[in-house]
Amino acid sequence: MNPAAPGPSPAPDPGPAHQQPVGQAPAAAGRQVRAVRLGPRSALALVLVSATGLAAFGWPLLADSASGLAHSTDAPWLFALLLPLLLGVVVATIADTGLDAKAVAMLGVLAAAGAALRPLGAGTAGLQPMFFLMVLSGRVLGPGFGFVLGAVAMFASALLTGGVGPWMPFQMLCLGWFTMGAGLLPAPHRLRGRGELLMLAGYGAIASLLYGLLMNLQGWPYIAGLSTGISFVPGDPLAENLGRYLTYVLTTSLGWDIPRALLTVVLTLTLGGTVLRALRRATRRAAFDAPARFTGTTS
């Protein structure tokens, strides 16, 4: 036996930088994870908010001809109801997933970035670059967090651009749904790379058109001076009013909705990969859903 022969080398101490949360495997290369998951309380809060929003958008189509109500008068009440419900979504998400200051900070950063992107389009032909960021953020952060992000980003952008009016709570709802929908797409690990970008671009195009379709419904019943073929007639059958509404959208709105959809597709396909990697890297480092215990520590 050679006494000079070296014995087995001790395992190197990985140090704090290499510690992994207990119960959570190290992120494999290319593995895609969601930062925030939708729990039962978050889902219930989202259902309540969405039901309130759909009622606010759709009631004129079912209202009596003598109701005399308009969104210009009910919007402040909707806004007063919407904010507590949004707060309820946040509280429910925290209760379900244990969000901390890092998640709230990311919400603030992304909402500010979306608000800053909105004025870049300057309202030209419906070009709104913030929509592509909302698609990617909802994809990474999940539907509950995405809904709150979309609503808060629209609220901040309205303050930034002076777009505060009776339409603002409806815009907040629509962009919240827009961002939430991206979080409801198939799980990230099932689709990667170019295929994922194509899916997100397709969703962004369809959702951008639906955003315009729904937002038009907010003001269409109260626009005066329209021709009889496209104007809202209170008390008429729902099918007839919907037919006039679709004609109104085709003749007046698509010139804004299609450019918004095209810009969302182009930005998603060209910048989406970089932005997705940055968002996922940030969420992994923040470890929103990681337990507080680490390997090598006693429970």
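Odds and ends about this structure:
- Condition met for ARG277 (open to solvent by less than 30 Å² (accessible area, probe 1.4 Å), of a type outside the set (Gly, Ala, Ser) and part of a helix (DSSP H, G or I)): no
- Subset tally (residues that are out of contact with any helix residue (DSSP H, G or I) (no Cβ under 8 Å at 6 or more places or on another chain) and outside any helix (DSSP H, G or I)) for the stretch 219-259: 8
- In the stretch 162-194, the residue that is nearest to the chain's Cα centre (by Cα) out of those that are closer than 23 Å to MET215 by Cα and of a type in the set (Gly, Ala, Ser) is GLY176.
- Out of ALA116, ALA125, sole residue that is assigned to a helix (DSSP H, G or I), open to solvent by 30 Å² or more (accessible area, probe 1.4 Å) and either at pLDDT 85 or above or not aliphatic (A, V, I, L, M) (or both): ALA116
- Scanning the stretch 164-218 for residues that are among the aliphatic types (A, V, I, L, M), over 15 Å from GLN128 (Cα atoms), at pLDDT 85 or above and assigned to a helix (DSSP H, G or I) gives LEU173, MET180, ALA182, LEU197, LEU198, MET199, LEU200, LEU213, LEU214, LEU217.
- Checked against the criteria, THR264 does not count as modelled with pLDDT of 90 or more, surrounded by fewer than 16 Cβ atoms within 10 Å (Cβ to Cβ) and hydroxyl-bearing (Ser, Thr, Tyr).
The values are calculated or read from the model by the stated rules, or taken from the named source; none is laboratory data. Computed from a predicted structure; not experimentally measured. We place every Cβ from the backbone using ideal geometry, glycine too, and count neighbours over all the protein chains shown. The accessibility values were calculated without ligands, DNA or RNA, using every heavy atom of the protein model including side chains. Shrake-Rupley method; radii C 1.70, N 1.55, O 1.52, S 1.80 Å.
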